[in-house]
Amino acid sequence: MSPLLLALLHAAAFLDLSEDRSVDPEAAGAVLGRIGLYVQRLDDDSIEALANDLEDLETYARGAGWPEPAIEFVASFLQHCGFELQTDEDEDEDAKPAPAPPPRGAGPSKRR
């Protein structure tokens, strides 16, 4: 697993999952929105590699007993960066960015 990916996920999870008293929600939302826009700039091969790494990390997290919010964060990271989830019917299509990432985050949050 790429240390750069782990660093990005750690920072994004901190911003998204922290209580409002620890991290200003407006500032965190702005940073998370930018992260989503940068991830959308990746080429197709990089997005596919990222999706595979996230799946591997989700599997590891479940086996290691991570808290459910952290697992959900990893599992939904690409979706919250603005990518549509692919179903079995969509396997032949490339992942496509949605119009815009959600306002507050790159993952599940109490702030929605």
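Residue by residue, here is whether (1) touching a Lys or Arg at 6+ places or on another chain (Cβ under 7 Å); (2) surrounded by 12 or more Cβ atoms within 10 Å (Cβ to Cβ) holds:
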| residue | (1), (2) |
| --- | --- |
| L9 | no, yes |
| A12 | no, yes |
| D44 | no, no |
| E58 | no, yes |
| A61 | no, yes |
| A70 | no, yes |
| C81 | no, yes |
| E84 | yes, yes |
So is E19 surrounded by fewer than 16 Cβ atoms within 10 Å (Cβ to Cβ) and modelled with pLDDT under 95 or not? yes
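Just to be sure I understand, how many residues within segment 20-51 are without any contact (Cβ under 8 Å) to a residue 12 or more places away in the chain, more than 16 Å from G82 (Cβ to Cβ) and not β-branched (V, I, T)?
The total comes to 7.
Conditions (1) touching a Gly at 6+ places or on another chain (Cβ under 7 Å); (2) modelled with pLDDT under 95; (3) in a helix (DSSP H, G or I), marked per residue:
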{"site": "L57", "(1), (2), (3)": "no, no, yes"}
{"site": "Y60", "(1), (2), (3)": "no, no, yes"}
{"site": "I71", "(1), (2), (3)": "no, no, yes"}
{"site": "E89", "(1), (2), (3)": "no, yes, yes"}
{"site": "E93", "(1), (2), (3)": "no, yes, no"}
{"site": "P99", "(1), (2), (3)": "no, yes, no"}
{"site": "P102", "(1), (2), (3)": "no, yes, no"}
{"site": "P108", "(1), (2), (3)": "no, yes, no"}
{"site": "R111", "(1), (2), (3)": "no, yes, no"}
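The values are calculated or read from the model by the stated rules, or taken from the named source; none is laboratory data. Quick caveat, the model's predicted, so the values are computed rather than measured. Cβ: placed from backbone, ideal geometry, glycine included. Neighbour counts: every protein chain shown.
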